[in-house]
Amino acid sequence: MTDNPGGARVCHLDQHLQHPSMENPQKTEVVLLACGSFNPITNMHLRLFELAKDHMNATGKYRVTKGIISPVGDAYKKKGLISAHHRVVMAQLATKSSGWVEVDTWESLQKEWVETAKVLRHHQERLEASGGERQDSPVLERPGRKRKWTEQRSEVSQKKPLEPQRKDVPRVKLLCGADLLESFGVPDLWKREDIANIVGSYGLVCVTRAGNDAQRFIYESDVLWRHQANIHLVNEWITNDISSTKIRRALRRSQSIRYLVPDLVQEYIEKHDLYSAESEERNVGVILAPLQRNRAATNSRTTTA
């Protein structure tokens, strides 16, 4: 405010207007991490990232800077799970045109199945170590060759709890669908401490659809209720029922999957003849890795007691 020659006080409007680039400088940067089989990756998987990014940015509290797709390793032992090499390549093809979603191979390279909480920790620690700068993930060898497994397999989980994070380092949050949220209630599929760690230390960005009562599920879980402020529910108003299971079923029946997966993924599947009745029988009769590990731990505690 200044005086003009006539003695009147003049208020300069630009002194009261905040420059757009200065709005809410305290926004927390977020990296969205999606873990799963991606068997195969679909257009719906990619839509999850866009929906979650729009929602988080619209809160005014967060700014999503990157998305990471982390295919599970072969040791997960899920029925019909084809080799990690093919699933990683398909994910890379699917994100080829994306300016912010990328594929990380670390989880897929592990000899043993890695808990989701440890995968989150791995990526948060990488961000802490690099100051938020991008780092390339290890290369996954092609099937048939001797894999050079990374030696980082268990180191991440053995370290002391994460130090308080610097404000300038992005926070990793788990991106998922409502089915993953509800899977927390499946006996022996998740360790209780892992669920508390995921929602408490990192947070969930969960995309829900009609028929999934995520709010009620959170209400009925003491652990989720305690950390509900760190669970972000995203409504999927334009519903899409594409799933990897339905894609594989269509392929087994020689039906078209065009427009359900990215074109490059469709071409890759056809070129390598990836999904068939035979491939769907892979791991049949094998107990899923998390169930096997958690049940063994439970039995061990029971025997010791």
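With the requirement that a residue be part of a helix (DSSP H, G or I) and basic (Lys, Arg), what does the stretch 167-201 give you? Walk me through it before giving the result.
Residues of the stretch 167-201 that are part of a helix (DSSP H, G or I), as a first pass: 178-183, 192-201.
Residue satisfying the conditions is Arg192 alone.
Based on this model, can you work out whether Leu224 counts as part of a helix (DSSP H, G or I), of a type in the set (A, V, I, L, M), touching a helix residue (DSSP H, G or I) at 6+ places or on another chain (Cβ under 9 Å) and closer than 27 Å to Asn57 by Cβ?
Yes, satisfied.
In the list Leu48, Leu93, Leu109, which residue meets the criterion of being hydrophobic (A, V, I, L, M, F, W, C), more than 19 Å from Leu189 (Cα to Cα) and open to solvent by 40 Å² or more (accessible area, probe 1.4 Å)?
Leu93
Which numbered condition in (1) of a type outside the set (D, E, K, R); (2) open to solvent by 50 Å² or more (accessible area, probe 1.4 Å); (3) in a helix (DSSP H, G or I) is the only one that Trp237 fails?
(3)
Within the stretch 21-43, is even one residue open to solvent by 60 Å² or more (accessible area, probe 1.4 Å) and at pLDDT below 50?
Step one: list which residues in the stretch 21-43 are open to solvent by 60 Å² or more (accessible area, probe 1.4 Å), which gives 21-27.
Next cut, at pLDDT below 50 only: 21-22.
Yes; the residues of the stretch 21-43 include at least one that is open to solvent by 60 Å² or more (accessible area, probe 1.4 Å) and at pLDDT below 50.
Could you tell me whether any residue of the stretch 67-88 is among the aliphatic types (A, V, I, L, M), modelled with pLDDT under 95 and either crowded, with 19+ Cβ neighbours inside 10 Å or under 17 Å from the mean Cα position of the chain (by Cα) (or both)?
Keep residues of the stretch 67-88 that are among the aliphatic types (A, V, I, L, M), which gives 68-69, 72, 75, 81-82, 84, 88.
Applying the additional criterion that residues be modelled with pLDDT under 95 yields none.
No, the stretch 67-88 contains no residue that is among the aliphatic types (A, V, I, L, M), modelled with pLDDT under 95 and either crowded, with 19+ Cβ neighbours inside 10 Å or under 17 Å from the mean Cα position of the chain (by Cα) (or both).
Just to confirm my filter: which helices (runs of 4 or more DSSP H) fall fully inside the stretch 242-292 and include at least 2 residues that are among the hydrophobic types (A, V, I, L, M, F, W, C), surrounded by 13 or more Cβ atoms within 10 Å (Cβ to Cβ) and touching a residue at least 60 places away in the same chain (Cβ under 8 Å)?
Numbers: elements: 244-252, 263-272, 277-280.
The qualifying helices (runs of 4 or more DSSP H) are 263-272.
The values are calculated or read from the model by the stated rules, or taken from the named source; none is laboratory data. Being a predicted model, the structure only gives us computed values, none of them experimental. Note that each Cβ is placed from the backbone with ideal geometry, even for glycine, and that neighbours are counted across all protein chains shown. Just so you know, the surface numbers come from the protein's heavy atoms only, side chains and all, with ligands and any DNA or RNA stripped out. Shrake-Rupley method; radii C 1.70, N 1.55, O 1.52, S 1.80 Å.
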